[in-house]
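Heads up: the structure comes next, in structure tokens.
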Amino acid sequence: MDAERLEKIKVLFDAALELNTAERVEFLEKACSTDGTLREDVQRLLEVHDPSETSLGEFTAPDLIAGSSPKLSAGQTIGHYDIIRQIGIGGMGEVYLAKDNKLDRSVAVKILNDEFSQHSSNLDRFTREAKSASALNHPNILVIHEIGVSGEINYIVSEFIEGRTLREIIGDSPMKTSTILDISIQIVDALAAAHSAKLIHRDIKPENIILRPDGYVKVLDFGLAKLIEQDKKAGFGFEDATRNQHQTAKGVIMGTVNYMSPEQAKGEMVDERTDIFSVGVLVYEMIAGRAPFEADSVSETLANLIKVEPPPLSRYAANVQNEMQRIVSKALRKNKDERYQTMKGLLADLKDLRRNLEFDERLERSVSSSGEDTVIIPASTTGDTIVHTARTDQNFTGQIRQNRPFLILAAAVLLIVVAGLGYYLLVPRKAALNADGKRSLAVLPFVNAGQDPNAEYLSDGLTESVINNLSQLTGLRVMSRNSAFRFKNDQSDAKKIAAQLGVETLVTGDIKQLGDRLIINVRLINASDDSQIWGSQYVKTTVDIIATQNEIAQAIAQNLRLKLTNTDTQMLAKHYTENAEAYQLYSLGRFHVFKLTPPDVQQAISYFQQAIDRDPNYALAYAGISDAYRSLALGSEMNPTENLSKSKAAALKAIELDDNLSEGHAALGVCFFWGEWDWARAEDQYKRALELNPNDVNAHTFYAHVLSNTGRHTEALAEISRARELDPLFPFAGALEGQFLLHAGKTEEALVRLQKTFELAPNFWMPHLFASSVYTEKKMYPEAIAEARKARELSAAQTVSMGFEGYALAKMGRIAEARALIDGLLKLSKEQDVPSDHIAFIYNGLGENDKALEWLERAYKEHDPKMAFLKVEPKWNNLRSEPRFIELMKRMNLS
């Protein structure tokens, strides 16, 4: 190679070192647009470069740059291994098939090239690669036998795998779903073991997966592996992807880029979730026959990877299960916080899907169907409200099946009452009365006895339905769903749970689904001595679930010996729908809406809509849609006006269908309150909701909000206290009570309440935000800034905490930082909705009253829900004599 070309390579190499992966590829494409070989030569050197070196320096060696000859030849011996032939080449070394003369077995020997063995950093890396892989004792991870030195040669010996790479298998023909799941599960299981050992692979691609003839999968090449949370100086950060010798350098580059995570491509810090993304790409490619972000050039591929969502799998493959689409979509989320957070979580979903498909196949073979089944298809992750239909071979456990006459007939007649009832009749007991004269009870989450995640919504939905039925009884105080579900995973200590919830009686139960049958066990427990007051088992079909939940609620009320009014009796017997499919779709919606993330809330809306499609008169489903849109309007940084408008339309429809639905009136109250600032009508709706359901925590909470925001502080604090009694373990009411105390001028009491909420939920952002506001009023600005930043760290809703932080910075005199936050909010407003109220906040802290008022006017025109605090937020006190502020108060009915 001539000196001029070598110098050109060196210049490009040094320039590329300063760039992250995405920038590097784009740079080389432009710089080498007319010389593909030049780009390949530079790329090869980049792949083998040690990051501790700052330039090419003495590493330049022409024989490294494409076309180097094998170092070892057939018949040569290294250690006690006879070399047979070269089978691969990596950036730092070569791989050979060899015979182990001691144990008479075939092995793979990887050697380190001479050019790199002269440097201790490369030897360290070579050793680390061997140690990192050998530490992983897993059947799906390549086994390392030995590391050694023979003369000048450093080598690693591993098992030799006979088989084909996943790249070769994908290229053959369309793969069966069962094969894809089997391969995926083995890969993910191996990586879960690596992650448990605090090691991430960082180079998952088809070339690094080998499938043996017996179907066993092996994950190769931990050359890019990195210890999680390890110091960068001691990291495993190297581009050493093993590849087949016939591959071109361009192929290596494309392969690497195709399977990178977005954060890896942008040069950001990576963790376990980068492997999860790469696995998502593998599964997508096995199904579609192509990588999800593949394009004609490397730069286009990178752009797709970072900015573009992959095409739906259905574009490339027929009959893709919706659950498979959901799994792949979740693994491929560009925001790593929205992906699977652990490889074990992905593994569980893949195994569940395989088990459910196997179950469906067995069921289809054993049960003769009279036609196509109606199927609940999981909602689209894009948030679109779509109703899907699918053939039976796409079913999974938790889907509703009809036309099973023999199963239904056999199951519908079964109702078994088990031990406990007789004991109760012999030794009658009464639940203790509370100070308000009501008996108290908590319904703990029914256990999903089948351990099927796809049926989890059934256990949650049954629990919630029983809670809702019982909470409408006038003589009973029922703990809210939020607090009861804190014990979803541990119900072992009844006394402790009852003490924490402040109740004397508990309802526990479990549910198991076997095809169309549901086996439900229910127990009523006296928490004082952990004795069973009553118990029963119900064996029902999925179509009987609506009647069953009513039976359970009625039996609980009877065994508590409650005196029921005629209205109580009617409410216990009320069916909100007669359609079992609609009920289960509604339960799926509730299951997702309580996850609170915008994608899950969008899924919930789709399920609610499907429920309405099955039963257009299902008022509860309309209330669910209203609640979901309210969540998007107030709990995320999405357009509040649009979402509150949709929430109101759904709430009105719910009340039109059922004026006795407390959920509908509470939802409409939210819309009048936040969406229209109509305080009187909001109050009327909350009062009506509480008349219908005195245990409605949402109604108590938002009614307290109306009272506080209109300056009726004593009433507000009494109302939020009732909400907290019904929901003692959920931090929302406690955080709001802290805010209401602040607005009532009781800053010390506010801090005490917020501190208790911190202890209850350390990672809940809201109390930190309100604590920031309290500290600002106490002129404790460093503490206020710290709490605002903590809220920002914990919340997906960033802009409100930026407003609080900016106000405190301005008051502290850190003007430049406050203005920088304004600039940040203005920049962010080009990408998403940013409430103008938050910008007004900072300008007010800076003492720029005119600009603060200008932004408040904008907030009013935008119908920013935060304007609801105008009357009571103490940070506006300096503006209260301003005519423009007074006029704003009048327009908002807050004189």
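The values are calculated or read from the model by the stated rules, or taken from the named source; none is laboratory data. Source: prediction; values computed, not measured. Ideal geometry is used to build each Cβ from the backbone, glycine not excepted, and the neighbour counts take in all protein chains shown. Surface areas here come from the heavy atoms of the whole protein model, side chains and all, with no ligands, DNA or RNA. Shrake-Rupley method; radii C 1.70, N 1.55, O 1.52, S 1.80 Å.
General observations
- Under 20 Å from the Cα of Lys131 - lysines, other chains or at least 8 residues apart: Lys110, Lys198, Lys218, Lys226, Lys232, Lys233
- Taking amide H as placed 1.01 Å from N in the peptide plane, the amide H of Gln76 sits under 5 Å from that of Ile83, each at least 5 places away or on another chain.
- Estimated at 0.36 nm per residue, the fully extended path between Tyr316 and Lys131 surpasses their Cα-Cα distance by 62.5 nm.
- Table column - 3J(HN,Hα) (Hz), the stretch 290-296, Karplus curve with 6.51, -1.76, 1.60, x for Gly and Pro: 8, 6, x, 10, 4, 9, 6
- Taking amide hydrogens as placed 1.01 Å from N in the peptide plane, the amide H of Thr541 sits under 5 Å from those of Leu518, each at least 5 positions away in sequence or on another chain.
- Sites matching trypsin sites (Lys or Arg not before Pro) across the stretch 810-889 that sit in DSSP coil, with at most 14 neighbouring C-beta atoms within 10 Å: Lys830, Arg880
- Taking the stretch 661-743 and dividing mean pair separation by its residue count, relative contact order in percent (alpha carbons under 8 Å, at least six apart): 23
- Paramagnetic label reach from Glu882 (point 7 Å along Cα→Cβ; backbone nitrogen cut-off under 15 Å): within the stretch 815-836, residues 836.
- Length released on extending from Ala499 to Thr474, taking residue separation times 0.36 nm less the Cα-Cα span: 6.7 nm
- For the pair the stretch 474-535 / the stretch 769-804, the C-alpha centres are spaced 38 Å from each other.
- Only protein atoms count toward the accessible area here, which uses a 1.4 Å probe; on the stretch 626-778, the carbon and sulfur part of that area reaches 49 percent.
- Rounded to 0.05, the FRET efficiency of the Gln570 and Gln755 pair, given R0 = 56 Å and the Cβ-Cβ distance, is 0.80.
- Under a 5 Å amide H cut-off, with hydrogens placed 1.01 Å from N, Val443 pairs with Met479, Val507 among residues at least 5 apart or on other chains.
- The stretch 830-861: GluC sites (Glu not before Pro) in DSSP loop, at most 13 other beta carbons within 10 Å: Glu831
- Per residue, the accessible area of the stretch 791-895 comes to 44 Å², computed with a 1.4 Å probe over protein heavy atoms only.
- Cα-Cα over 20 Å, subset of Lys746/Lys778; Lys648/Lys866; Lys512/Lys574; Lys830/Lys861; Lys266/Lys790: Lys512/Lys574; Lys266/Lys790
- Annotation: extensible slack from Lys198 through Ala680 equals 167.8 nm (criterion: 0.36 nm per residue apart, minus Cα-Cα distance).
- Rounded, prolate or oblate (a/c below 1.5 giving rounded, otherwise prolate when a/b exceeds b/c) for the stretch 501-574 by Cα gyration tensor: oblate
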